[in-house]
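The values are calculated or read from the model by the stated rules, or taken from the named source; none is laboratory data. Source: prediction; values computed, not measured. Using ideal geometry, Cβ is built from the backbone for each residue, glycine included, and neighbour counts are taken over all protein chains shown.
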Amino acid sequence: DTAVSQTPKYLVTQMGNDKSIKCEQNLGHDTMYWYKQDSKKFLKIMFSYNNKELIINETVPNRFSPKSPDKAHLNLHINSLELGDSAVYFCASSRWGQPSSYNEQFFGPGTRLTVL
Amino acid sequence: ELKVEQNPLFLSMQEGKNYTIYCNYSTTSDRLYWYRQDPGKSLESLFVLLSNGAVKQEGRLMASLDTKARLSTLHITAAVHDLSATYFCAGPAGGTSYGKLTFGQGTILTVHP
């Protein structure tokens, strides 16, 4: 009965490769997010989708492209991987709107990406 | 845009002692979140504080929110080893904008016997 799941959990790849991370939530939420956590544990939002519509698009290289086929899924595709992309990527989900308590975000287990 | 600063960033405590983690934020915010992260694990939601003066308690942890001072605190009472983790506070990036959370740097808590 996992709430937010991600695959794969670990991803080791060479520079220049293209890879994807998948995320699924079964909480009935309508908003999903991608966060990046660097080696110093700093968390920064990358993207957010609400009802399959992109609503947050931070300053992220174009090599990163999110896709949301439906409200329960949010994938992240990364082209031409670079060393600096090595990090842990977390997916999260929440409800959207009022009351404010709806916006509590629930996180997936993370995908540790290592670029060699 | 909201900036969130936690202190201390590292906290080494003895079991049985009390301590407080502080979370200051830069602009008006109508809510504040606390998360816990164990090494190599996901973020677990601890508290959602939705109004000025809000106080929530769960076991040995108590969180409070003072929106006028732009300050939230996470108080640890009689620490035990199981509380060792990284604790993050976060607020909506635009103060009230939905969805986009800005996180503090995290406080790495280590509880020693």
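Being touching a Pro at 6+ places or on another chain (Cβ under 7 Å) and among the charged types (D, E, K, R): is that true of B:K100 here?
Against the criterion (touching a Pro at 6+ places or on another chain (Cβ under 7 Å) and among the charged types (D, E, K, R)), B:K100 qualifies.
Those residues that are at pLDDT below 95, more than 7 Å from chain B (Cβ to nearest Cβ) and crowded, with 17+ Cβ neighbours inside 10 Å, I need them from the stretch A:95-111; list them, please.
A:R95
Could you go through the stretch A:53-64 and let me know if any residue there is at pLDDT 95 or above and in contact with a strand residue (DSSP E or B) (Cβ under 9 Å, 6 or more places away or on another chain).
yes
State the number of residues belonging to the stretch B:42-59 that are modelled with pLDDT of 95 or more, more than 15 Å from B:H75 (Cα to Cα) and not in a strand (DSSP E or B).
1
Table: residues versus (1) within 11 Å of chain A (Cβ to nearest Cβ); (2) more than 27 Å from A:C91 (Cβ to Cβ); (3) surrounded by 15 or more Cβ atoms within 10 Å (Cβ to Cβ).
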| position | (1), (2), (3) |
| --- | --- |
| B:I21 | no, no, yes |
| B:Y33 | yes, no, yes |
| B:Q37 | yes, no, yes |
| B:G40 | yes, no, no |
| B:L43 | yes, no, yes |
| B:F47 | yes, no, yes |
| B:V55 | no, yes, no |
| B:R60 | no, yes, no |
| B:A63 | no, no, yes |
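So, in the stretch A:11-39, how many residues would count as being more than 15 Å from the chain's Cα centre (by Cα) and farther than 26 Å from A:N103 by Cβ?
Of the residues in that region, 8 qualify.
Report, by residue number, each residue of the stretch A:33-52 that is more than 8 Å from chain B (Cβ to nearest Cβ), under 19 Å from B:Q105 (Cβ atoms) and touching a strand residue (DSSP E or B) at 6+ places or on another chain (Cβ under 6 Å).
Across the stretch A:33-52, the qualifying residues are A:Y35, A:K36, A:Q37, A:D38, A:M46.
Please determine whether any residue of the stretch A:56-69 is at the interface with another protein chain (Cβ under 10 Å from one of its Cβ atoms) and over 10 Å from the mean Cα position of the chain (by Cα).
Looking through the stretch A:56-69, at least one residue is at the interface with another protein chain (Cβ under 10 Å from one of its Cβ atoms) and over 10 Å from the mean Cα position of the chain (by Cα).
Residues checked against (1) out of contact with any Cys (no Cβ under 7 Å at 6 or more places or on another chain); (2) at pLDDT below 95; (3) hydroxyl-bearing (S, T, Y):
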{"position": "B:L9", "(1), (2), (3)": "yes, no, no"}
{"position": "B:E15", "(1), (2), (3)": "yes, no, no"}
{"position": "B:C23", "(1), (2), (3)": "no, no, no"}
{"position": "B:L61", "(1), (2), (3)": "yes, no, no"}
{"position": "B:S72", "(1), (2), (3)": "no, no, yes"}
{"position": "B:T77", "(1), (2), (3)": "yes, no, yes"}
{"position": "B:S97", "(1), (2), (3)": "yes, yes, yes"}
{"position": "B:G106", "(1), (2), (3)": "yes, no, no"}
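Do you know which residues across the stretch A:4-32 are in a strand (DSSP E or B) and surrounded by fewer than 13 Cβ atoms within 10 Å (Cβ to Cβ)?
Once the filter is applied, which keeps residues that are in a strand (DSSP E or B) and surrounded by fewer than 13 Cβ atoms within 10 Å (Cβ to Cβ), the stretch A:4-32 yields A:Y10, A:V12.
So for the stretch A:58-65 (the condition being basic (K, R), closer than 28 Å to B:K3 by Cα and in contact with a His (Cβ under 6 Å, 6 or more places away or on another chain)), does at least one residue qualify?
no
Which of the numbered conditions does B:S84 fail, given that it passes all the others? Conditions: (1) of a type in the set (S, T, Y); (2) loosely packed, with under 15 Cβ neighbours inside 10 Å; (3) modelled with pLDDT of 95 or more.
All conditions pass for B:S84, except number (2).
To keep it simple, each residue is scored yes or no on (1) of a type in the set (G, A, S); (2) closer than 26 Å to A:G108 by Cα.
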| position | (1), (2) |
| --- | --- |
| B:A63 | yes, yes |
| B:H75 | no, no |
| B:T102 | no, yes |
| B:Q105 | no, yes |
